Amino acid sequence: MSVIAPTFRLSYFLRSILDNVFWIIVLVTLVGIPAIQIVLFYIEMPVIDGELLTPFLALTWLADPSRAVPIIKALMYTDFFRIAVFPGFGLAALLAAGTIFVERKMLAKLQLRVGPFYCGKVEGILQLMGDGLKLISKEIIIPAKADKPIFWL
């Protein structure tokens with residue numbers, strides 16, 4: 001037996017994994033697919049191979065992936081997409097900034113150094129804003145004789 005997990009049983013672990021898979025399948029079936037169908041009714045569907053694609057045929061891209069590109073393009077030009085994406089990217093940027101801020105504070109404590117907590121008057125938030133401004137204002141410079149795809153890596 002392990003000291004870290006003395007009550008570990010493989011059967012309980014497998015049962016919990018199967019339980020999670022079951023609930024994922026149930027939620028995708030009962031919530032995910034109907035939500036996708038509702039959204040597809042409000043999108044102006046494209047014409048593919050000479051026929052207008054209906055929401056009922058929209059999931060045919062699973063069998064023929066070449067149909068997915070026109071469906072995605074039709075989704076991207078809707079007002080719903082523009083309204084939903086802008087706050088989503090804003091939230092993702094805020095979550096990333098908060099994660100970086102907390103990570104810096106934890107690393108400063110672990111390394112016993114002055115970190116964002118003691119830097120500045122507002123608990124180091126100005127350092128985070130300065131790093132964000134620096135990142136936005138960076139210029140990508142590629143030497144003339146460089147192999148561009150490798151340089152981007």
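What follows is calculated from the coordinates using simple rules that are stated; it is not laboratory data. The shown structure was predicted, so the numbers you read here are calculated from the model rather than taken from an experiment. As a convention, Cβ positions derive from the backbone with ideal geometry for all residues, glycine included, and neighbour counts pool all protein chains shown.
Of the residues Ile48, Ile142, Ile17, which exhibits the maximal mean-square fluctuation in a Gaussian network model of the chain defined by a 10 Å Cα contact cut-off?
Sorting by GNM fluctuation, first place goes to Ile142.
Hey, of (1) 15.6; (2) 9.9; (3) 18.7, which did the structure itself give for mean projected area of the Cα convex hull in nm² when calculated?
Computing mean projected area of the Cα convex hull in nm² and matching it to (1) 15.6; (2) 9.9; (3) 18.7 gives (3).
Compute the angle between helix 10-27 and the longest alpha-carbon principal axis of the chain, please, reported from 0 to 90 degrees and rounded to the nearest 10.
50 degrees
Label Leu95 and Leu30 with points 7 Å out from Cα along Cα→Cβ: what is the distance between them in nm?
Roughly 2.5 nm, to one decimal.
Please identify, among Gln111, Gln127, Gln37, the residue showing maximal mean-square fluctuation in a Gaussian network model of the chain using a 10 angstrom Cα cutoff.
Gln111
Counting only C-alpha contacts under 8 Å and six or more residues apart, can you give the relative contact order of the chain as a whole percent?
Across the chain, relative contact order equals 9 percent.
Output the 0 to 90 degree angle, nearest 10, between the alpha-carbon long axis of helix 125-137 and the longest principal axis computed from the alpha carbons of the chain.
60 degrees
Within the set of other residues whose C-beta is less than 14 Å from the C-beta of Leu110, count the net charge using Lys and Arg as +1 and Asp and Glu as -1. Please list the in-between numbers first.
On the way: positive: Arg104, Lys105, Lys109, Arg113; negative: Glu103.
Residues near Leu110 contribute +3 overall.
Once both axes come from the Cα atoms, what is the angle between helix 79-110 and the longest principal axis of the chain, in degrees from 0 to 90, rounded to 10?
Taking Cα atoms only, the helix is inclined about 30 degrees.
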